[in-house]
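Structure, as structure tokens:
What follows draws every value from the coordinates through simple rules; no lab data is involved. Since this is a predicted model, take the numbers as computed values, not measurements. Note: ideal-geometry Cβ built from the backbone for every residue, glycine included; neighbour counts use all protein chains shown.
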């Protein structure tokens with residue numbers, strides 16, 4: 001018997017009547033690719049205004065869940081309730097190179113006040129005065145801020161972030177974290193962040209989910225008082241728990257080394273020819 005397709009609420013009004021305090025309700029979400037079951041019955045709820053981070057190994061199905069919530073994957077099965085007002089920010093900014101910054105931000109908007117709203121969104125992400133710039137003149141961080149402005153100018157009830165900081169350098173990533181926290185407090189969207197960065201999940205999220213073997217293996221709140229400082233004992237304990245759930249040795253993750261480093265074998269006899277010396281060098 002054919003599996004029933006995902007059903008989605010068609011409008012924000014219907015979503016509000018059905019679940020006024022939830023932006024996402026997922027029941028028994030499944031997705032297969034050929035003979036491989038990637039999602040094996042995911043249950044998930046995200047409250048309005050809540051920031052949820054989704055961790056998992058590569059290929060675990062994180063982005064598959066995000067695509068289903070975005071309405072970009074019709075091959076999933078189960079029940080899916082999601083507010084219709086939703087936007088996605090990807091790892092790549094995906095700006096149109098032939099359109100200037102402001103045109104990229106308000107792409108597809110038809111209301112007469114779109115340009116003013118776009119300028120305001122750019123000011124919110126720190127790019128006031130860059131409206132007429134071409135995308136090729138922007139740094140990686142600036143381009144990603146344009147993508148964030150393009151998402152927020154639409155006032156989404158659900159903001160989907162698909163590893164949007166993965167291609168940024170460490171300092172730019174920290175600045176983007178602070179910016180996202182500020183903007184989410186101002187606009188109050190529900191947020192689902194797909195990431196492989198454990199520290200990033202702890203810094204940003206109200207809840208962290210771990211996806212393993214096609215199911216949510218851990219769903220834990222982030223209860224850290226005050227600023228989320230990586231050096232704090234509470235931060236370290238939660239980090240260790242998440243690494244353990246991911247099946248990753250924390251020391252290996254920190255060094256990036258999971259095998260012994262081979263040693264260089266030095267010949268015991270003197271190097272007598274120029275060819276031998278060049279080979280070693």
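Observations on the structure shown:
- Once the Cα gyration tensor of region 146-211 is diagonalised, semi-axes √(5λ) in Å: 18, 15, 11
- At the listed q of 0.10, 0.13 Å⁻¹, the Debye profile of region 13-138, built from one uniform point per Cα, gives log10 I(q)/I(0) equal to -0.46, -0.74.
- Å³ per residue enclosed by the Cα convex hull of region 93-152: 71
- Among 134, 98, the ranking by other beta carbons within 10 Å of each residue's beta carbon, starting with the fewest, stands as 98, 134.
- For region 70-228: span of alpha carbons on each principal axis (Å, largest first): 46, 37, 26
- Exposure proxy ranking for 137, 64, 172, based on other Cβ atoms within 10 angstrom of each Cβ and starting from the fewest, stands as 137, 172, 64.
- Separation between Cα centres of region 26-71 and region 154-175, rounded to whole Å: 19
- Based on Cα contacts under 8 Å between residues 6+ apart, region 92-202 shows a relative contact order of 28 percent.
- Scattering from region 170-247 was approximated by placing one identical point on each alpha carbon and applying the Debye formula without solvent; log10 I(q)/I(0) at 0.13, 0.14, 0.23, 0.27 1/Å stands at -0.41, -0.48, -1.23, -1.48.
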